[in-house]
Structure formats: structure tokens, C-alpha cells
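**Student:** Sending over a structure as C-alpha cells; questions will come in a sec.
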Amino acid sequence: SKWYQQQSTGYGMKMRPDYVIRGESVVTSLCRRDNTLVTGTDEGNVRLYDTEIMRPTATWQAHKAQVMRIETLPHGSIMSQGREGALSLWKEGQCVRTCSVASTGFCRFATSDDQRHCFVGLDDKSKISCIDADRFNVVKTFQPSDYNQKGMSWSVAVSGDYVYLGYESGHIVLFDRRYLSKQVLEVKVHDEIVTTIDVRDNKIISSSPDSTIKITSLLTEGVVSDGTCDTKETSADCDENPLESIVNSLNPARTDLKYSTEISHTIPLKCKGPVTSGFDLMVNCSLPRVGMVV
């Protein structure tokens, strides 16, 4: 797709497609690996397309309800999550693993950077479990210290060694998965449910039914390993990763470092429908007119 400026009041950039691939159902999730586009539909089907010829090459019924998320894994396998409460692993259209996951909320699974582990809610509470993406056994579980006040987990993102969980209360909680699932920090970002999370360059990007996208920066204050961060700085100005600095600060021997968060941008959205997922965000919401650079 190519970006172009839409000449209408209240909206910003839109995309003009280079190709339109027509299917038989509403697409609710998609991903791509090499020349293969994989889609999941509201009817529970998974379909593979060859992007060179723009035609489907395989289709199968993966779930009894909407496909909430789909992702390609190494060695040609595909992982999918259905709204009926099933997480499944597929190879050449055949289900080789499946397990029950939370179905009351809309929390979609996330994978580690190496795609060896999957992070998903196995019940309808505040826990997120890390499972082996091949064997489907639980490796560890993440839960905030005051989980009764957070409500259900609604979103999860993974970046490096850190797991970010979004909650019904509007909080984002950060865990270090190397140290016995230790909670590193939490921040109240939204007034309502945190429905989507993404992490880029130590900035947490989140959305919510409160019709905002918020970008939260991690800040460090104090002296770190090489003495370069002697005042409050953003991650771009420090030689040490601020997340590593935060973890180091949890060590009782480290008394020279403090950490904090700062909501650096709030982007209002114009939404014509409910926002319970990243897909809803794309379909139902539009950014304001251009002029804002994040």
C-alpha cells in the first residue's frame, strides 16, 4: 500500500492499495513470512496466499469462532488463537498441539523475539503464562503483586527479556522474565482497559477504549555504570539501556539510580465503533489531520 493525503475534515493519512486480495470471509488477523500471507477469519478459517500470484494456496477450519491472532513460526508452523478459547499449533494444515486459553477477555497471545515462547492467558484472571511454543508446557507465570486491583489482563507484548501486560484498570505492568518473573514497574496509563500494547525503542505504545493512543517513555535518573546519565535522560541519551538500569536498581547494592515513566504523547482518536483489539483500532478509528509527528 501507498500513503496519500486524504482531503477530508478530521482525518489524516490513508492508504491506497496496490493490490486487493478478495476472500470469502472477514479477515480478523493476518501475518506474513517470505512470500506467504496467512489470514484468520471471523468464521475460524485459516487461509494461505502466495503473494507473487495473489492467489490462495491452502485453507482449513482452525477454530469454531473468530481467529483472534495468527502468527507464523520457524520450520513452517503456524500458531493461531480462537475466540472459543483454544490456542493451536499447525503444520501443513494439521493440528499438532492445542490447549485451552482465556476466552472471556480479548487478550491475544504474543511471542518472544526468537519465537520459542508464547505468552498468553490460560485463565480469565490477571495471570499471563509463558509456554514453550513447541511443546505447549507452561514455563513460568506472570502476575502483578496487587492483582485484585488490576482486573483481567487484556493485552501482552514482549520485547527482549521484558514482558508488558495491559490490564482492565488501565495499568501497564512490566516484568523481567529472566529473574523468576520479577515485576519491575507499573504505570497507570489509561482511564479504561489497555487493549493493545507495542514496544519500540523503549517507548510503550498503547491504546484503549478511552479513544487515545499513548506513548510512554522510560526514564532513568542517577549515575549508571559509566557515569554518563547523571541527570534525568531518555533512553536515546544514555549509553545503558534504561530497562537494564531499572533491573540493576532493584539490587540492594545499587543506591545511585532511580527510574520513572513519562507519558510523552497522547494522540486522540476519532472512533466510529468499539475498540477491543488492534484490529478494531485499525478498522474503527482514524488519526487527526496530519501535523503531528511522533
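The values are calculated or read from the model by the stated rules, or taken from the named source; none is laboratory data. As the structure is a computational prediction, the values presented were derived from the model and not from experiment. Positions of Cβ are backbone-derived with ideal geometry, glycine not excepted, and every protein chain shown enters the neighbour counts. These area figures cover heavy atoms from the full protein model, side chains too; ligands, DNA and RNA do not enter into them. Shrake-Rupley method; radii C 1.70, N 1.55, O 1.52, S 1.80 Å.
**Student:** Could you tell me the distance between the Cα centroids of region 89-130 and region 134-181, to the nearest Å?
**Tutor:** 13
**Student:** Related question: Which FRET efficiency, nearest 0.05, do V26 and V96 yield, Cβ-Cβ r, R0 30 Å?
**Tutor:** Using R0 = 30 Å, I get an efficiency of 0.65.
**Student:** Pull up all non-local amide H partners of R69: gap of 5 or more, or a different chain, and H-to-H distance under 5 Å with H placed in the peptide plane.
**Tutor:** Close amide H contacts, sequence-distant or interchain: Q81.
**Student:** OK, next. Determine one quarter of the surface area of the Cα convex hull of region 70-187, which equals its mean projected area, and express it in nm² to one decimal.
**Tutor:** If I average the Cα hull's projected area over directions, I get 6.8 nm².
**Student:** Scan region 95-158 for trypsin sites (Lys or Arg not before Pro) in coil per DSSP, keeping those whose Cβ has at most 15 other Cβ atoms within 10 Å, and list them by number.
**Tutor:** Passing sites in region 95-158 are R116, R135.
**Student:** For the pair D113/R16, report the inter-label distance in nm, with labels modelled 7 Å from Cα in the Cβ direction.
**Tutor:** For the pair D113/R16, the computed spacing is 3.8 nm.
**Student:** Counting alpha carbon pairs within less than 8 Å and at least 6 residues apart, what relative contact order, in whole percent, applies to region 94-196?
**Tutor:** 20
**Student:** Just reorder C99, C130 by solvent-accessible area, largest first, 1.4 Å probe, all chains present.
**Tutor:** C99, C130
**Student:** Which loop trypsin sites (Lys or Arg not before Pro) in region 14-58, with loop taken from DSSP, have no more than 12 other Cβ atoms within 10 angstrom of their Cβ?
**Tutor:** Taking region 14-58 and a limit of 12 other Cβ atoms within 10 Å, the loop trypsin sites (Lys or Arg not before Pro) found are R22.
**Student:** Do any GluC sites (Glu not before Pro) in region 41-75 lie in a loop, going by DSSP, with at most 12 other beta-carbon atoms within 10 Å of their beta carbon, and if so which?
**Tutor:** Sparse-neighbourhood loop GluC sites (Glu not before Pro): E52.
**Student:** Round to a whole number: what % of the accessible area of region 58-149 belongs to carbon and sulfur, probe 1.4 Å?
**Tutor:** Ligands and nucleic acids excluded, carbon and sulfur reach 44 percent.
**Student:** Suppose all protein chains stay in the model; what accessible area per residue would a 1.4 Å probe give for region 64-172, in Å²?
**Tutor:** 42
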